[in-house]
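Since the structure comes first, as structure tokens, the remarks are kept for the end.
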Amino acid sequence: MARRVARIGLAGLVVALAATGCSDDGRDTTPPPVPVEVSALASSSVSVHVMWRADPSVAVFEVFRGDAKVLDVTGGRHMVDVSGLTPGTAYTFSVRARDKAGNVSAASPGVPATTPSVVQGERVPPTAPGNLRGQARGKDGATLTWAAATDDVGVTAYDIWQAGVRVHSVAADRTTAVVTGLRPGTEYVFTVTARDAADNKSPASSPVTVVTEQGAGNGRNTAPTDLRAIPRTAVDGTYADLTWTPPDVDGVVASYEVYLDGRFLTTVQWGAAPPTEVARYSLPLGDRPVVGHVLKVRGQLPDGTWGEFSADLTVTDAPPGAATPGGP
């Protein structure tokens, strides 16, 4: 079952909240899943880099140091630096997920990290990592390798960058990294930098270009297809009962945006079992007539980007004997 998680931006229209779990008054009470693949890396003497698996259905990730929440991170991100720490100190970090209805998951298992001791007067940055190489890792990943950087005291971490954005970090004893969540058949340019305990940062390595393997859903095949709408009138207002075929991409599409007459209307999110063959959603329109409006939808792809829009659909009267699709 889908969850309606946004409110209509059009005057006079309000989207009611429905969820896979609801209270007696219709409020969404289903918590999001616990964040997974949580890790913590002491990247300097005063900071720890915390990472987790991305989840586009989450509104906010809450990062905890011990029992204290230290940061809120928007749901589109999967890493953050926790700074202001004490050199030579052991810490434990965990992450919780919060959805747009305010439901909060349980905390992930705690992961340890110990900041290195700082060396007074350490101001010389590491050298740039050398000989960066990259290779596609299937349709949605890349494997990077490089030659170790050097530092007068010692390298503490390597940061991987793509299009000017840090996408991954690894410990100083590693000179390889796997970047995931990429889009099939797409060119990516990566660089790597090193840093030391005093948080001095090296120059970037020479860039390397990686092209991921082709996969279903490349190019303009990311649009939902066969969008249909059946008008319906209920006690609480009018609805457009929608169905569409999800885009054929490598991975699951769990979030869709619905547009009405060219304007964003609402976001629809599925929980543990997003539809793979036919998506069904009952779109509430308050007391407005349904017929005559133009609808379109698009999905959020596994790499977090938005796919192409479906073809525009102008809602007409339901055909005689048409069955009403199920939905929230």
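One residue stands out among those in the stretch 280-309 that are hydrophobic (A, V, I, L, M, F, W, C), surrounded by 15 or more Cβ atoms within 10 Å (Cβ to Cβ) and assigned to a loop (DSSP other than H, G, I, E, B): the one that is nearest to the chain's Cα centre (by Cα), which is L301. Here is a check on your reading of the model: is E257 outside any loop (DSSP other than H, G, I, E, B) and more than 30 Å from L132 (Cβ to Cβ)? It is true that E257 is outside any loop (DSSP other than H, G, I, E, B) and more than 30 Å from L132 (Cβ to Cβ). For the stretch 29-77, enumerate the residues that are under 23 Å from Y158 (Cα atoms) and within 11 Å of the chain's Cα centre (by Cα). Of everything in the stretch 29-77, those that are under 23 Å from Y158 (Cα atoms) and within 11 Å of the chain's Cα centre (by Cα) turn out to be W52, R53, A54, G76, R77. All conditions in (1) touching a Leu at 6+ places or on another chain (Cβ under 6 Å); (2) of a type in the set (V, I, T); (3) within 24 Å of I160 (Cβ to Cβ) hold for T238, with the sole exception of (3). The residue that is farthest from the chain's Cα centre (by Cα), among those in the stretch 224-253 that are among the acidic types (D, E) and at pLDDT below 90, is D236. Here are the criteria: (1) surrounded by fewer than 18 Cβ atoms within 10 Å (Cβ to Cβ); (2) hydrophobic (A, V, I, L, M, F, W, C); (3) over 21 Å from G88 (Cβ atoms). Tell me which single one A171 does not satisfy. In the conditions (1) surrounded by fewer than 18 Cβ atoms within 10 Å (Cβ to Cβ); (2) hydrophobic (A, V, I, L, M, F, W, C); (3) over 21 Å from G88 (Cβ atoms), A171 misses (3) alone.
Table: residues versus (1) touching a Lys or Arg at 6+ places or on another chain (Cβ under 8 Å); (2) touching a residue at least 60 places away in the same chain (Cβ under 8 Å); (3) in a strand (DSSP E or B).
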{"site": "P125", "(1), (2), (3)": "yes, yes, no"}
{"site": "L132", "(1), (2), (3)": "no, yes, yes"}
{"site": "G138", "(1), (2), (3)": "no, yes, no"}
{"site": "T143", "(1), (2), (3)": "yes, no, yes"}
{"site": "D151", "(1), (2), (3)": "no, no, no"}
{"site": "Y188", "(1), (2), (3)": "no, no, yes"}
{"site": "R195", "(1), (2), (3)": "yes, yes, yes"}
{"site": "S205", "(1), (2), (3)": "no, yes, no"}
{"site": "V210", "(1), (2), (3)": "no, yes, yes"}
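Given the structure, is A136 of a type in the set (G, A, S) and within 22 Å of the chain's Cα centre (by Cα)? Taking the combined requirement at face value, the residue satisfies it.
Considering the stretch 153-168 alone, what residues qualify as being part of a loop (DSSP other than H, G, I, E, B) and more than 14 Å from D199 (Cβ to Cβ)? Quick ask: steps written out before the conclusion?
Narrowing the stretch 153-168 to residues part of a loop (DSSP other than H, G, I, E, B): 153-154, 163-164.
Correct list: A163, G164.
Which of the following residues is modelled with pLDDT of 95 or more and closer than 20 Å to R166 by Cα: G134, G141?
G134
Of everything in the stretch 108-132, what is crowded, with 17+ Cβ neighbours inside 10 Å and closer than 17 Å to E62 by Cα? Give them in sequence order. Residues satisfying the conditions are S108, V111.
Anything in the stretch 97-112 that is more than 12 Å from V36 (Cβ to Cβ), part of a strand (DSSP E or B) and not charged (D, E, K, R)? List them, or say none. Within the stretch 97-112, V104, P112 qualify.
The values are calculated or read from the model by the stated rules, or taken from the named source; none is laboratory data. Note that the structure is a prediction, hence the values are computed from the model and not measured. Please note: Cβ atoms are built from the backbone with ideal geometry, for glycine as well, and neighbour counts cover all protein chains shown.
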